[in-house]
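Let me begin by presenting the structure, written as structure tokens, before commenting on it.
The values are calculated or read from the model by the stated rules, or taken from the named source; none is laboratory data. Treat the numbers as computed from the prediction; the structure is a model and nothing was measured. Cβ coordinates were reconstructed from backbone atoms using ideal geometry, including for glycine residues, and neighbour counts include every protein chain displayed. Keep in mind that these areas ignore ligands, DNA and RNA; they rest on the heavy atoms of the full protein, side chains included. Shrake-Rupley method; radii C 1.70, N 1.55, O 1.52, S 1.80 Å.
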Amino acid sequence: MEQIIKIILNWAIPVILAGILVFMKKMINDMKAMKLSQLSLIRSQIVSKCESYMKKGFLPEYARYCLEDLFKQYKILGGNHGIEKLVDKTFELPSANEKEG
């Protein structure tokens with residue numbers, strides 16, 4: 001019985017702990033990859049929306065709220081990459097199309 005306990009302490013526990021460590025490392029790497037992919041998708045959406053409204057020359061209120069929320073989540077995830085300047089420039093647009101108005 002004592003020999004079985006020694007075997008467990010000397011071999012089984014370290015093997016199990018090593019397996020747990022490998023699993024946790026993979027989980028951390030996967031979470032980092034997910035975060036980076038979300039940042040990339042949000043950044044792409046922000047740029048697309050900003051460019052679209054810059055071409056139109058106005059930014060409706062409903063779109064402003066959407067863009068604000070996207071940018072807020074983008075910053076929470078750690079993104080910026082100069083996107084803030086583009087968003088700020090887009091927010092300077094009037095809220096209605098002055099040509100139609």
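Counting just the residues of the range 25-44 that are charged (D, E, K, R) and in contact (Cβ under 8 Å) with a residue 40 or more places away in the chain, which one comes out farthest from GLU68 (Cα to Cα)? The extreme case among them is LYS35. Counting the residues of the range 4-41 that are in contact with a Phe, Trp or Tyr (Cβ under 9 Å, 6 or more places away or on another chain) and of a type in the set (D, E, K, R) gives 0.
Residue-by-condition table, conditions (1) open to solvent by 100 Å² or more (accessible area, probe 1.4 Å); (2) under 22 Å from LYS85 (Cβ atoms); (3) not polar (S, T, N, Q):
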site: MET1; (1), (2), (3): yes, no, yes
site: ILE8; (1), (2), (3): no, no, yes
site: ALA12; (1), (2), (3): no, no, yes
site: LYS25; (1), (2), (3): yes, no, yes
site: MET31; (1), (2), (3): yes, no, yes
site: LEU39; (1), (2), (3): no, yes, yes
site: LYS49; (1), (2), (3): no, yes, yes
site: LYS55; (1), (2), (3): yes, yes, yes
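Take the residues in the range 43-101 that are closer than 25 Å to ALA33 by Cα, among the small types (Gly, Ala, Ser) and not in a helix (DSSP H, G or I); name whichever of them is farthest from the chain's Cα centre (by Cα). Among those that are closer than 25 Å to ALA33 by Cα, among the small types (Gly, Ala, Ser) and not in a helix (DSSP H, G or I), it is GLY82. Scanning the range 65-101 for residues that are touching a Leu at 6+ places or on another chain (Cβ under 9 Å), surrounded by fewer than 17 Cβ atoms within 10 Å (Cβ to Cβ) and not aliphatic (A, V, I, L, M) yields GLY78, HIS81, PHE91, GLU92, PRO94, SER95.
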